[in-house]
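Enquirer: Can you keep this structure in mind? I'll have questions shortly.
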Amino acid sequence: MMKSRFRWKKFSVDGKSALRTLKIKRRCETAEYDQSPKCASSSMKYKVNSNLVKPASGIRSIAAELGISVATVHRALHNRGRVSSETRDRVLRMAAHLEYKPNLAARDLRLNRHLRISVHLPAAIASFFDSLRVGVEKGAEPFRSVVDVEFHRYARSPGRAQASIRTALEQPLDGIIVALANTAQMVRLVRRAQAKAIPVICVSTDVPGSGRLTAVTPYPYCSGAMAAEMLAGCVKMPGSMVALVGDLENLHHAEKIRGFKDVLAKTVPRLSVAAVIEAHDDPEQARRGILRCLRTVPEIGGLYISSANSIGALEALRETGSLHKFPIITTDLFPELLPFLSDGSVKATIYQCPELQGSIAIQGMYRYLIDGVIPPPMLGVIPQLVMKSNLDLYLNRTAEIDEMHTYFDR
């Protein structure tokens, strides 16, 4: 007989004072009992309190908790058939709560197939999205043997993002990672992917109500609130705030501006937002927008640039001699921004950790496809404030800081 790896533990059975002895396997989620006659007779003799052992959660458990059919739960979990986005979200949340984990790994190993993940990112704002791509590549390294990652770049012009996703959906795919604007066309494309049982993970922004699997975002409302708090502490006299944003159709950008306005209104009512400039991630549009504000807004008290598209605006301010006239808060960290942080013309920048976003997205997709781990509806990345005083720390230790965040996000 093989040596038993079980340990004897004592439990109170059915609330009685008598202690019964049970064999429980350590460090295992599912109880495994010794099949010897002695143990069999013991398990028949004593009835164990069901509250002591957590039953395995399955599709039937999810259906019972939500009061819906098993077939509906199955369709929602596997993106098959017609299921409303609201019902699917309820099923995914309950599945995560019950720690439901379908055994997909054994199936994929038997088939000996590779997973094909298609990643779609804009060509604009290369300083941000190139870092996000690096994060996807680094995050995929541990499982390159079973995952093929394909990268696609699309121009920030009407219809290009939709065309990139449509082309991908014509090919055999296992998953899509994408940065999308929250438009009706994008919602339809994500739902089309859902109908084909292709999970979609959004990065940097979100398309709620589309049926996407999850979204990896750096808490955009919080980013805007942080910018407002920083500017409020720097501005001594009443003045008008100006915000430069990418595209208000993008939920991520819109939430930043909402957080910015809300905090200003609550904490410093004397500071009003006089203008919100949409630059559509175009440096020239950002430059022209800032020059227009300098002419039309009489007293600019501060500037918040909510995307990585900041260099065009900063150069316009330098050309007009306005760079040091009011405090400026930017977004993200890249080489072209370093001189502005070093000389103090930019008070702080809000770092959105793009590499970490990419790593979380690909690892979340892998765990869903291979291990059946359903992620929460949103995977948030905490935005970080970088200033002149801690700039060297970020330049020298960005990789270590990202590793630390990955550890705490497990």
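The values are calculated or read from the model by the stated rules, or taken from the named source; none is laboratory data. Every value quoted in this text rests on a predicted model; they were computed, and no experiment measured them. We place every Cβ from the backbone using ideal geometry, glycine too, and count neighbours over all the protein chains shown.
Enquirer: Could you check Gly81 against (1) at negative phi; (2) modelled with pLDDT under 85; (3) of a type outside the set (Ser, Thr, Tyr) and say which number it fails?
Expert: That leaves (1) as the condition not met.
Enquirer: Output the qualifying pairs, or none if there are none: Cβ atoms under 8 angstrom, residues six or more apart or on different chains, first residue in the range 247-266 and within 13 Å of Ala232 (Cβ to Cβ), second residue acidic (Asp, Glu).
Expert: Val263/Glu229
Enquirer: Would you point out the residue of the range 153-168, among those that are buried (at least 16 other Cβ atoms within 10 Å of the Cβ) and without any contact (Cβ under 8 Å) to a residue 40 or more places away in the chain, that is nearest to His280 (Cα to Cα)? Steps first, please.
Expert: We begin by selecting, within the range 153-168, every residue buried (at least 16 other Cβ atoms within 10 Å of the Cβ); these are 153-154, 156, 161-162, 164-165, 168.
From what is left, the residues that are without any contact (Cβ under 8 Å) to a residue 40 or more places away in the chain are 153-154, 162.
Working: Arg153: 17, Tyr154: 14, Gln162: 17 Å.
My answer is Tyr154.
Enquirer: In the range 295-315, is there at least one residue being free of Cβ contacts under 8 Å to residues at least 24 places away in the same chain and either more than 27 Å from the chain's Cα centre (by Cα) or not assigned by TED's automatic domain parsing to the domain that holds Leu121 (or both)?
Expert: So far as the range 295-315 goes, yes, one or more of its residues are free of Cβ contacts under 8 Å to residues at least 24 places away in the same chain and either more than 27 Å from the chain's Cα centre (by Cα) or not assigned by TED's automatic domain parsing to the domain that holds Leu121 (or both).
Enquirer: Can you name the residue in the range 289-317 that is among the hydroxyl-bearing types (Ser, Thr, Tyr) and buried (at least 24 other Cβ atoms within 10 Å of the Cβ) and is also modelled with the highest pLDDT among such residues?
Expert: Residues of the range 289-317 that are among the hydroxyl-bearing types (Ser, Thr, Tyr), as a first pass: 296, 304, 306-307, 310.
Those still in the list that are buried (at least 24 other Cβ atoms within 10 Å of the Cβ) too: 304, 306-307, 310.
On the way: Tyr304: 97, Ser306: 94, Ser307: 89, Ser310: 94.
For the range 289-317, the residue satisfying everything is Tyr304.
Enquirer: Next question. Mind checking which residues of the range 314-353 are of a type in the set (Gly, Ala, Ser) and farther than 23 Å from Thr205 by Cα?
Expert: Hits for the range 314-353 are Ala316, Gly321, Ser322, Ser342, Gly344, Ser345.
Enquirer: Now for a different question. Identify all residues within the range 341-381 that are in a loop (DSSP other than H, G, I, E, B) and within 30 Å of Leu317 (Cβ to Cβ); write none if there are none. Quick ask: steps written out before the conclusion?
Expert: Keep residues of the range 341-381 that are in a loop (DSSP other than H, G, I, E, B), which gives 343-347, 352-353, 372-377, 381.
Hits for the range 341-381 are Asp343, Gly344, Ser345, Val346, Lys347, Gln352, Cys353, Val381.
Enquirer: Something else now. Kindly list the number of the only condition in (1) without any contact (Cβ under 8 Å) to a residue 60 or more places away in the chain; (2) touching a Ser or Thr at 6+ places or on another chain (Cβ under 7 Å) that fails for Gly209.
Expert: Condition (1) is where Gly209 drops out.
Enquirer: Let me ask you something else. Can you name every one of the helices (runs of 4 or more DSSP H) wholly within the range 129-248 that holds 2 or more residues which are among the hydroxyl-bearing types (Ser, Thr, Tyr)?
Expert: On the way: elements: 160-169, 184-195, 220-234.
In the range 129-248, the matching helices (runs of 4 or more DSSP H) lie at 160-169, 220-234.
Enquirer: List the number of the failed condition for Ala126; all other conditions in (1) buried (at least 21 other Cβ atoms within 10 Å of the Cβ); (2) modelled with pLDDT under 85; (3) under 20 Å from the mean Cα position of the chain (by Cα) hold.
Expert: It fails just one condition, (1).
Enquirer: Quick check on the range 286-308. Is at least one of its residues assigned to a helix (DSSP H, G or I) and touching a Phe, Trp or Tyr at 6+ places or on another chain (Cβ under 6 Å)? Can you show your working first?
Expert: Initially, the range 286-308 is screened for residues assigned to a helix (DSSP H, G or I), giving 286-296.
Now restrict to residues that are touching a Phe, Trp or Tyr at 6+ places or on another chain (Cβ under 6 Å): none.
Looking for residues that are assigned to a helix (DSSP H, G or I) and touching a Phe, Trp or Tyr at 6+ places or on another chain (Cβ under 6 Å), one finds none in the range 286-308, hence no.
Enquirer: Looking at (1) among the hydroxyl-bearing types (Ser, Thr, Tyr); (2) in contact with a Pro (Cβ under 9 Å, 6 or more places away or on another chain); (3) at pLDDT 90 or above, which one does Thr167 not meet, given that it meets all the others?
Expert: (2)
Enquirer: Suppose we filter Met387, Met378, Met365 for residues that are surrounded by fewer than 16 Cβ atoms within 10 Å (Cβ to Cβ), within 15 Å of the chain's Cα centre (by Cα) and at pLDDT 85 or above; which single one remains? Write out each step before concluding.
Expert: Working: Met387 fails: within 15 Å of the chain's Cα centre (by Cα); Met365 fails: surrounded by fewer than 16 Cβ atoms within 10 Å (Cβ to Cβ).
Unique residue meeting the criteria: Met378.
Enquirer: While we're on this one: In this structure, is Val263 of a type in the set (A, V, I, L, M, F, W, C) and not assigned by TED's automatic domain parsing to the domain that holds Leu213?
Expert: Values: of a type in the set (A, V, I, L, M, F, W, C): yes; not assigned by TED's automatic domain parsing to the domain that holds Leu213: yes.
Considered against the rule, which asks whether it is of a type in the set (A, V, I, L, M, F, W, C) and not assigned by TED's automatic domain parsing to the domain that holds Leu213, Val263 comes out as yes.
Enquirer: Restricting to the range 309-325, name every residue that is part of a loop (DSSP other than H, G, I, E, B), within 28 Å of Glu249 (Cα to Cα) and not small (Gly, Ala, Ser). Walk me through it before giving the result.
Expert: First, the residues of the range 309-325 that are part of a loop (DSSP other than H, G, I, E, B): 309-310, 320-325.
Remaining after also requiring within 28 Å of Glu249 (Cα to Cα): 309-310.
Answer for the range 309-325, where residues must be part of a loop (DSSP other than H, G, I, E, B), within 28 Å of Glu249 (Cα to Cα) and not small (Gly, Ala, Ser): just Asn309.
Enquirer: A follow-up question, please. Please specify each residue of the range 382-391 satisfying the condition of being among the β-branched types (Val, Ile, Thr) and outside any loop (DSSP other than H, G, I, E, B).
Expert: Keep residues of the range 382-391 that are among the β-branched types (Val, Ile, Thr), which gives 382, 386.
The answer is Val386, and nothing else.
So that you can scan it fast, the table gives a plain yes or no per residue for (1) modelled with pLDDT under 90; (2) in contact with a strand residue (DSSP E or B) (Cβ under 9 Å, 6 or more places away or on another chain); (3) of a type outside the set (A, V, I, L, M, F, W, C):
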residue: Gly209; (1), (2), (3): yes, no, yes
residue: Ala228; (1), (2), (3): no, yes, no
residue: Cys234; (1), (2), (3): yes, yes, no
residue: Pro238; (1), (2), (3): yes, yes, yes
residue: Gln285; (1), (2), (3): no, yes, yes
